[in-house]
1. Restricting things to Cα coordinates, could you compute the convex hull volume per residue of region 503-660 in Å³?
2. Highest first, please rank the peptides 181-191, 296-306 by the mean number of other Cβ atoms sitting within 10 Å of their residues.
3. May I ask you to list the aspartates and glutamates whose Cα is less than 15 Å away from that of LYS529, ignoring any residue fewer than eight positions away on the same chain?
4. Using Cα pairs under 8 angstrom and six or more residues apart, how large is the relative contact order of the chain, in percent?
5. In whole Hz and in residue order, list the ³J(HN,Hα) couplings for region 594-611 that follow from phi through the Karplus curve 6.51 cos²θ - 1.76 cosθ + 1.60, θ = phi - 60°; x for Gly and Pro.
6. From the square roots a ≥ b ≥ c of the eigenvalues of the alpha-carbon gyration tensor of region 185-333, which class results: rounded (a/c under 1.5), prolate (a/b over b/c), or oblate?
7. For region 33-146, just say rounded, prolate or oblate: build the C-alpha gyration tensor, square-root its eigenvalues into a ≥ b ≥ c, call rounded for a/c under 1.5, and beyond that prolate if a/b exceeds b/c, oblate if not.
8. As a check on your grasp of the helix formula, calculate [θ] at 222 nm for the chain: sum -39500 (n - 2.57) over DSSP H runs of n ≥ 4, divide by the residue count, round to the nearest 500.
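The values are calculated or read from the model by the stated rules, or taken from the named source; none is laboratory data. As the structure is a prediction and not an experimental result, all values here were calculated from the model. Glycine gets a Cβ as well: all are built from the backbone with ideal geometry, and neighbour counts include every protein chain shown. Please note that ligands, DNA and RNA were not included when accessible areas were found on the heavy atoms of the full protein model with its side chains. Shrake-Rupley method; radii C 1.70, N 1.55, O 1.52, S 1.80 Å.
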Amino acid sequence: MTVPAIEVTAQQLDRERSEIQPSLGATRYDFGPNAIKNIPLGDNASLNQVLLRAPGVVQDGFGQIHVRGDHGSMQYRLDGVQLPEGLALFSQILSPRFADSLSLITGALPAQYGLRTAGVVDINVKSGTTNPGGEASVMVGSYNWVQPALEYGGRSGNIDYFAVGQYINNGIGIENPTSSALPIHDNTAQWYALTKLTGIVDENTRLSFIAGGASARYEIPNRPGQIPNFSVNGITDFNSSLLDQRQWEDTYFGIASLQKSYKDFNLQLSGFVRYSNLSYQPDATGDLMFNGIAPWAKRTSFAVGTQADASWKIASNHTLRGGFLIQRERVTSYAQNAALPFVTNPDDPEGELIPGQQPVGFADGADLVGWTYSVYLQDEWKVTPSLTVNFGARFDAISGPSTENQLSPRINVVWEPDPKISLRAGYSRYFVPAPLNQVGFGSLAARAGTTAATEGTQNDPVRAERSDYFDIGLTVKPVDGLAIGFSGFYKFAENYLDKGQFGAPIFQTAFNYAYAQVKGFEVFANYDKGPWSAYANLAWSRVSATNINSAQFNFEQADLNYIANHWIFADHDQSWTGSAGVAYVFNQDSDHATRVSADMLFGSGLRTSVITPNDTALPAYATFNLSVAQKVPLPGSKGTTIRFDALNLTDLSYQLRDGTGVGVGAPQYGMRRAFFVTLSQKF
């Protein structure tokens, strides 16, 4: 087999893999290499910063995003294989630098997508075939930011290889809890890496292995001027700007896949493993004085499983697809805590107990194992040349602390009366399991009689969310390079899953609303032709829910009582979300091309509580960014580029969270104006 033949075989197998898991009937927003380069920071940006440029993606604190009214519930796939959910909150274990292309798939998803259904981030990982050679780069800028990166790919005979890694060190690891330009105590050090090996066995068979990891260290930023709630060992005052709280997050994963094609049959069989841990170190005195508890906490998760997906073209107008997923996850948590006991008031022995000043210690923890089983089958039926119906179902079951299952029908209809017009409509029944790691009754009992005790002790188990999802859409391509689209969606959920940040470690804990309604629409336009690229998105959504019916101990009783009898906005609800950008390449085909791009992000504000829970929106904001990238034609160089990025040009001080709302633990502000310079060299 010659080298060109290997290249052709790899490309053919890539196409056949995409046929196994099409997004037929769902809403899909694609980011190619040029689209990633156009956004601020380009490959150096975080994955969530790229996704914010898609319709209906809402920005939140701690670097999080929300898609179509869900808190989390995102699914990430590498070359078609679903990664298990990890524990990291601040870290994003995947980088745009890993992606040859990536897509955000939302709406009424076909049957192959389950368990995490708010959005599917589908990443086609770079390879030595798609990205031969190497590139080294370093970005420096505001907040003492230093970010070197290195990638290299190639091919040797039947073996294709690619590796990439980057390191990040800066002084704004987590959003600033104050409106000041510079956060206090917010340094971070992070690294991310991925490698991919692919072997062509024959023209119809391929073996691949992907391994990656991320490790990050964070200082928890401080808010000066806070007043302690408790006294410890005679100490009554503490400068909150000197608190020293830290968090560590590590994730490692591996995927091994066999892809086989035979005539009209395609199969990908994969095994995967993922290890994740999160550790929190408190300020021994400060945490006690401000929070009433100082936990030295560690949580770990180890997941292993197998996934298979196959397609079979059984007739000219019928393609049958099916597959399964089996996963085992073990989650352990342990915390050694210090708290203040409640003691008799010496000034009023018959009165209420008061917090003492001598800390007491107690430990709590859990060791949980959960299994997930999924299977699906669907048929893509081409009724006429312009009308396609994709229908099927999936069955999901979980066992562990709770045992639940559901059969979920799916149907999508796509009508293309003209190559320039595509209309789609779909219905999906969803089953979304709760994260395995939850607080047990034993942990609550250990806190009794101390300042770590919760107001209530009710802790009904968190259950899987079950919902009906409806989606319609229209895409029109009136001229070459231009696409204009609309999507509308409605979801009604039972045991709607939400997440809150309750105390330390800084970790998202799940809870249920008994019922929720999510509705909204999106409009978008994209243009990409010649030296011009442009996009614009605007989305509206409304998320309302009622009656918190699990993990109730996390909330104040007054809030529980109100929400039990009223529909409220979810804390992550944002009515209007928008983004827009434009890019132009001067001297596009030359070795001294110049790329100029600008973009904007808009949000009408997440929810806050003034009188009743989540009754008001925070102020709206819009941030503007500018980028310039210049190729430099140096003798003997394979490609040298200097890039300049300016973020938040107007230096807007805008608040993502104010520390109030259901399940919101701390305020966060968006990053102020910042400048960055990147030098990259191909070799």
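1. Per residue, the Cα convex hull of region 503-660 comes to 162 Å³.
2. Peptide ranking by packing, descending: 296-306, 181-191.
3. Output for LYS529: ASP480, ASP589.
4. Numbers: 1987 pairs, mean separation 82.3, N = 683.
Value for the chain: 12 percent.
5. The phi angles translate into 10, 9, 10, 9, 9, 8, 9, 10, 10, x, 7, x, 6, 8, 9, 10, 10, 10 Hz.
6. Judged from the Cα gyration tensor, region 185-333 comes out prolate (a/c at least 1.5, a/b above b/c).
7. Taking the square roots of the gyration eigenvalues as a ≥ b ≥ c, region 33-146 is oblate.
8. -2000 deg cm²/dmol
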